[in-house]
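Throughout, read-outs are computed from the coordinates displayed, never taken from laboratory work. Keep in mind the model is a prediction, meaning the values are calculated, not measured. Every residue, glycine among them, receives a Cβ derived from its backbone with ideal geometry; neighbour counts consider all protein chains shown.
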Amino acid sequence: MKPIIPFVILGTLLLAGCQDKETVALPGPQDLTRDVSGYFCGMIVADHPGPKAQLHRKSGGEILWFPSVRDAIAFTLMPGEARDVAVIYVNDMTGYSDWQSPPMKWITADSAQFVIGSDMTSGMGIGEAVPFGSKDAALGFVKAHGGRVVAYKDIPEEYVFDFGTDDGGRS
């Protein structure tokens with residue numbers, strides 16, 4: 001019976017290693033209200049046209065609001081900031097009818113398809129990374145406004161930080 005004990009211990013250890021890592025529930029998106037101000041600009045987020053973003057930090061549960069999706073992406077590219085991001089929610093612009101009042105349907109930035117280089121500008125007056133819940137919706141937007149479709153991870157850093165062009169970074 002003793003020769004079985006090492007195999008039982010080894011089997012237990014292997015099974016323990018195969019267990020799913022404990023998943024941490026992400027905080028859900030919050031409603032945009034008139035008392036929310038932009039992280040960089042301090043202005044009322046709801047007063048700006050186009051899609052918005054809310055970034056939830058891991059530490060302390062703080063929510064940072066951005067009147068532009070592009071601003072939220074820029075924040076994550078700042079040294080040290082990306083490690084403290086639990087989730088970023090962006091407006092799903094699928095079916096938008098009024099650029100001044102985007103739909104308040106929130107999706108994670110990681111799951112969105114983004115149109116960059118379109119003729120639409122952000123709440124801060126520069127080219128925007130316009131999020132959609134599906135590639136078909138993003139392609140429909142491209143047909144009407146130009147640009148190209150990319151995943152969140154494929155948005156070029158040069159696009160995010162190109163503030164000096166007249167074409168909103170479309171060149």
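Fewest first, what order do Leu139, Leu64, Leu55 take by the number of other Cβ atoms within 10 Å?
Ordered by Cβ neighbours within 10 Å, fewest first: Leu139, Leu64, Leu55.
If we count other beta carbons within 10 Å of each Cβ, what is the order of Arg57, Arg70, fewest first?
Arg57, Arg70
Using each residue's phi in segment 70-77, evaluate 6.51 cos²θ - 1.76 cosθ + 1.60 at θ = phi - 60° and report the 3J(HN,Hα) Karplus result to the nearest Hz, with x for Gly and Pro.
Here the 3J(HN,Hα) series is 4, 5, 5, 5, 4, 4, 5, 8 Hz.
What GluC sites (Glu not before Pro) does segment 81-171 have in DSSP loop regions with at most 15 other beta carbons within 10 Å?
Filter output for segment 81-171: Glu81.
Order these by the 10 Å Cβ neighbour count, fewest first: Ile44, Ile73, Ile107.
The most exposed by this proxy come first: Ile44, Ile107, Ile73.
Please compute, over every Cα-Cα pair in segment 29-160, the percentage with a separation greater than 21 angstrom.
Percent of Cα pairs beyond 21 Å in segment 29-160: 32.
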